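Since the structure comes first, as structure tokens, the remarks are kept for the end.
Every read-out reported here was derived from the displayed coordinates using simple, explicitly stated rules and does not represent laboratory data. Because the structure is a prediction, the values reported are computed rather than measured. Note that each Cβ is placed from the backbone with ideal geometry, even for glycine, and that neighbours are counted across all protein chains shown.
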């Protein structure tokens with residue numbers, strides 16, 4: 001007989017690019033699983049606290065067409081966080097954004113992670129993004145996709161873009177790039193065999 005869970009099963013959320021037609025609706029009661037810092041603050045007039053966390057406090061009443069691509073990405077993160085998930089899945093969230101917005105959102109995500117303590121599973125094709133955000137980078141093989149390397153990132157927190165030129169960062173980045181290059185070369189040769 002299977003053993004029963006003694007604690008609630010973890011909840012999860014996936015960030016979506018689909019933005020609702022409204023942003024300003026909010027609940028007057030926090031969720032039972034809300035972080036203590038948010039419950040203590042109590043309900044506030046105005047936009048939900050999640051929009052403030054992602055830097056969109058002034059845009060709580062705007063429609064999706066009035067938001068830039070970066071703003072829509074941040075709304076997707078805020079919507080996912082509104083459920084207070086224990087795991088947040090982010091699949092290549094910043095790939096289509098310009099460099100400035102991408103850098104700003106990386107730092108915003110780290111600040112949100114620090115406040116919420118939510119586990120974030122971040123899928124990306126950007127090695128710099130992976131090394132900057134993660135404590136652990138899993139590198140996958142070409143088809144069939146399986147994990148070929150588990151890289152522990154030992155950079156201090158809190159992180160900032162200034163650390164991207166440190167020897168520790170560059171060493172982790174280069175190791176990831178070398179692993180990916182080796183795997184890509186092998187996959188290319190297998191396809192031509």
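A few comments on the model shown:
- Alpha carbon centroid spacing (whole Å) that separates the range 157-182 from the range 67-105: 22 Å
- Normalised by the number of residues in the range 126-193, the average gap of Cα pairs under 8 Å and 6 or more apart makes the relative contact order 33 percent.
- For residue 140 and residue 68, the FRET efficiency from 1/(1 + (r/R0)^6), where r spans their Cβ atoms and R0 equals 45 Å, is about 0.90.
- Here r is the Cβ-Cβ distance between residue 99 and residue 171 and R0 is 22 Å; the resulting FRET efficiency, rounded to 0.05, is 0.40.
- Extended-chain gain in nm, criterion 0.36 nm per residue less alpha-carbon gap, residue 160 and residue 185: 5.7 nm
- Cα coordinate range in the range 77-139, projected on the principal axes (Å, largest first): 28, 25, 17
- When the range 40-148 is reduced to its Cα atoms, the Kirkwood hydrodynamic radius in Å: 15.2 Å
- Once the Kirkwood radius over Cα pairs is known for the range 126-193, the Stokes-Einstein relation at 10 °C and 1.306 mPa s delivers a diffusion coefficient of 123 µm²/s.
- Taking other C-beta atoms within 10 Å as the exposure proxy, 128, 92, 162 rank 162, 92, 128 from fewest upward.
- Taken along the Cα-to-beta-carbon direction at a fixed 7 Å, the label points for residue 147 and residue 178 span 2.2 nm.
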